[in-house]
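The next block holds one structure in the form of structure tokens; read it before the comments.
Each value in this text was obtained by applying a stated rule to the coordinates, not by laboratory testing. Keep in mind that what you see is a predicted model, and the values were worked out from it rather than measured. All Cβ positions, glycine included, derive from the backbone under ideal geometry; neighbour counts span all protein chains shown.
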Amino acid sequence: MPAMPHANHICMIGNSTTKRGHTTDTAGIEIPASVRQALGLDDEPCWVVVSEYNVDEWPNGGVSPLPGKPGVFSYGLIPPGLFAQVKSEFLSLSEAGKVGGVKR
């Protein structure tokens, strides 16, 4: 998630995850079970949403530490191959005008 300075805050831009899978309005790439396990996510399938991105200023009340890990705000990094897949699909959809931003 890239971060850009903005006054006394950091403006973060990134993709979100969901457990809903594909819908008619969104496109996503499933996070493999091995990656979910390595990141400490639960066993339920989940996807990186590649048809939208979130813009958020931090610190704010919407960004909170991980459950049981005070001061930790990230589950970790995804493997380079999965990142490349997410990036490629996001850029393809963006070039086709099929990506939208959500200010959080």
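With 10 angstrom as the radius, rank Ser51, Ser94, Ser74 by how many other C-beta atoms surround their C-beta, starting from the fewest. Numbers along the way, then the final one.
Values: Ser51 18, Ser94 14, Ser74 10.
Ordered from fewest to most neighbouring Cβ atoms within 10 Å, Ser51, Ser94, Ser74 come out as Ser74, Ser94, Ser51.
Quick one: net charge around Glu89, please, counting Lys, Arg +1 and Asp, Glu -1 for every other residue with C-beta under 14 Å from its C-beta. Please report the intermediate quantities before stating the final value.
On the way: positive: Lys87, Lys98; negative: Glu30, Glu52, Glu95.
Residues near Glu89 contribute -1 overall.
Please arrange Lys103, Lys19 by counting, for each residue, the other beta carbons lying within 10 Å of its beta carbon, fewest first.
Numbers: Lys103 7, Lys19 10.
Listed from fewest to most nearby Cβ atoms, that is Lys103, Lys19.
Can you list, largest first and rounded to whole Å, the semi-axes you get for the range 25-104 by taking the square root of 5 times each eigenvalue of its Cα gyration tensor?
On the way: eigenvalues 107, 70, 22 Å².
Each semi-axis is √(5λ); the values are 23, 19, 10 Å.
Within the set of other residues whose C-beta is less than 12 Å from the C-beta of Asp42, count the net charge using Lys and Arg as +1 and Asp and Glu as -1. Walk me through the numbers before you get to the answer.
On the way: positive: Lys19, Arg36; negative: Asp43, Glu44.
Result for the neighbourhood of Asp42: 0.
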